[in-house]
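Just so it is clear, none of the values below were taken in a lab; they were calculated from the coordinates. The model shown is predicted, which means the values in this text are computed figures rather than measured ones.
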């Protein structure tokens, strides 16, 4: 039995089967994550299709970067370090309207 079948049998948290009408954006919103992290975690090169299997990491908060936000101001607002925010999101910088994970 392969690992995916084992995940399905054990109903492992984080495994999601794409449903009709799902997009990466709608899935990210549903599970409080970002489209970018779903793409990275699943090595995706194209939009998902019905019945695709995805690994979804779940987080507590998704924050949309506002104009004039800095890493320092966001870190202070959520009592996190800049380095932690960058590491969790697998990014090197932020920009307005970007959605980032605060975990």
- Query: Just one of [x] 15.3, 51; [y] 13.5, 41; [z] 14.3, 49 is Rg and Dmax of the Cα atoms in Å calculated from these coordinates, so which is it?
  - Reply: [x]
- Item | Contact order normalised by residue count of the chain, Cα under 8 Å, 6+ apart, percent | 28 percent
- Taking a ≥ b ≥ c as the square roots of the Cα gyration tensor eigenvalues, with a/c under 1.5 meaning rounded and otherwise prolate when a/b beats b/c or oblate if not, the range 61-102 comes out rounded
- For residue 92 and residue 51 in one chain, what is 0.36 nm times their gap in residues minus the Cα-Cα distance, to one decimal in nm? 11.5 nm
- Extension reserve of the residue 63-residue 40 stretch, reckoned as 0.36 nm per residue once the Cα distance is removed: 6.4 nm
